[in-house]
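Worksheet: one structure, shown below.
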Amino acid sequence: MPDLTTKRDERLHRPAGIRSLWLGDTKVSYVPDGDVRLRPLPLLPDTTDEVWATHPEYLDAAGHLVAGVGGLLVEHGGRALLIDAGFGPQTFRAPDGPLGVIHGGALPGSLAALGRAPEDIEAVAFTHLHSDHIGWAVHPSPDDGLPLFPRAEFLIAEPEWDRLDLLAAEGTTERVAALAPRVRTVRDGQEVFPGVHLRITPGHTVGHAEYVITGGGRRLIAFGDAVHSPIQIDHPDWSSAFDHDLARTAVHRRRLVAELAEPDTIGFGIHFADVVFGHVRQGGDGPAWHPVDA
């Protein structure tokens, strides 16, 4: 029988399937859309070949970091909120740089497996406006060419919406701007759904947002791209090449890691391979990020 360490290591280099847990009367579920393969040294420039030689458990057979893309479904009292919308029905390969290959397309099927149709989603709340988080909001369904979420409003932090010009490098400015009739901008501290509060944490982008979900005496922090890989929990000073402000993100990440070590606190890392739900245990042997399963 594989030991617990072996099982954990296997999960670190495979993308997650559907995973759910309960916070009192609120159910939260990871909704997979696809996966990403990332080049570790370009992604985390402060790392070295020696770091990755010491931690092969994070890498696939080709030496890439494995990450997922998707969303977080929040269900309460018959209502449904989706945080982030995956990459959408597309594939992209990059010849160099941090990104190797990314593909999406599975999110509608994942929602169906959770018993939800796209029209059940009353709002899609974004952590930020990068293409791997807005996919199904800006790409029509390949089945009928219509928007996937016919009823949903799109919740975007005010400073993120105010700087759409910064999306020019991704080539998505026009597509995101076209969402305007359905966009509702939200402010720091605002409750966007029962038990779900937004907090603005600039660094990865100028208006990057996290969502704090409370219920049953516990809280879950969906921290978006403040952290890309569980290895950064052990090394919060290692910022990602995708971060808009590397120093500011590192300062926030140190605070976040300390917060995730507090009692009754769970983190959700959308790109965290097959350990998307977890909590931090500091001062022990081994990785600080410990998966939480339900």
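List of remarks:
- Qualifying strands (runs of 3 or more DSSP E) (wholly inside the range 58-117; at least 3 residues being open to solvent by 10 Å² or more (accessible area, probe 1.4 Å) and closer than 19 Å to H271 by Cβ): 91-93, 99-103
- Test: residue in the range 190-201 that is over 21 Å from L59 (Cβ atoms), in contact with a strand residue (DSSP E or B) (Cβ under 6 Å, 6 or more places away or on another chain), without any contact (Cβ under 8 Å) to a residue 12 or more places away in the chain and open to solvent by 10 Å² or more (accessible area, probe 1.4 Å): yes
Listed here are the residues, each with its yes/no results for (1) more than 17 Å from the chain's Cα centre (by Cα); (2) of a type outside the set (A, V, I, L, M, F, W, C).
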| position | (1), (2) |
| --- | --- |
| L114 | yes, no |
| E122 | yes, yes |
| D132 | no, yes |
| L148 | yes, no |
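- Flag set for H133, criterion: open to solvent by less than 30 Å² (accessible area, probe 1.4 Å), closer than 19 Å to D243 by Cβ and in a helix (DSSP H, G or I).
- Within the range 234-252, considering residues that are closer than 21 Å to V280 by Cα and of a type in the set (D, E), the one least open to solvent (accessible area, probe 1.4 Å): D234
- Of the numbered criteria (1) buried (at least 19 other Cβ atoms within 10 Å of the Cβ); (2) touching a strand residue (DSSP E or B) at 6+ places or on another chain (Cβ under 8 Å), the one S20 fails is (1).
- Test: residue in the range 109-119 that is without any contact (Cβ under 8 Å) to a residue 24 or more places away in the chain and aliphatic (A, V, I, L, M): yes
- Filtering the range 189-202 for residues that are under 23 Å from D46 (Cβ atoms), outside any loop (DSSP other than H, G, I, E, B) and among the hydrophobic types (A, V, I, L, M, F, W, C) leaves an empty set.
- Residue in the range 128-144 that is touching a residue at least 60 places away in the same chain (Cβ under 8 Å) and over 18 Å from F223 (Cα atoms) present: yes
- Unmet requirement for L148, which otherwise passes all of (1) out of contact with any Pro (no Cβ under 7 Å at 6 or more places or on another chain); (2) among the aliphatic types (A, V, I, L, M); (3) part of a loop (DSSP other than H, G, I, E, B): (1)
- Residue within the range 206-220 that is out of contact with any strand residue (DSSP E or B) (no Cβ under 6 Å at 6 or more places or on another chain), open to solvent by less than 10 Å² (accessible area, probe 1.4 Å) and either among the small types (G, A, S) or touching a residue at least 60 places away in the same chain (Cβ under 8 Å) (or both) present: yes
- Just one of the listed residues (D274, D264) is of a type in the set (D, E, K, R), open to solvent by 30 Å² or more (accessible area, probe 1.4 Å) and either in contact with a strand residue (DSSP E or B) (Cβ under 9 Å, 6 or more places away or on another chain) or modelled with pLDDT under 95 (or both), and it is D264.
The values are calculated or read from the model by the stated rules, or taken from the named source; none is laboratory data. Owing to the predicted nature of the structure, the values given are computational and were not obtained by experimental measurement. Every residue, glycine among them, receives a Cβ derived from its backbone with ideal geometry; neighbour counts consider all protein chains shown. Ligands, DNA and RNA are excluded from the accessible area calculation, which covers all protein heavy atoms including side chains. Shrake-Rupley method; radii C 1.70, N 1.55, O 1.52, S 1.80 Å.
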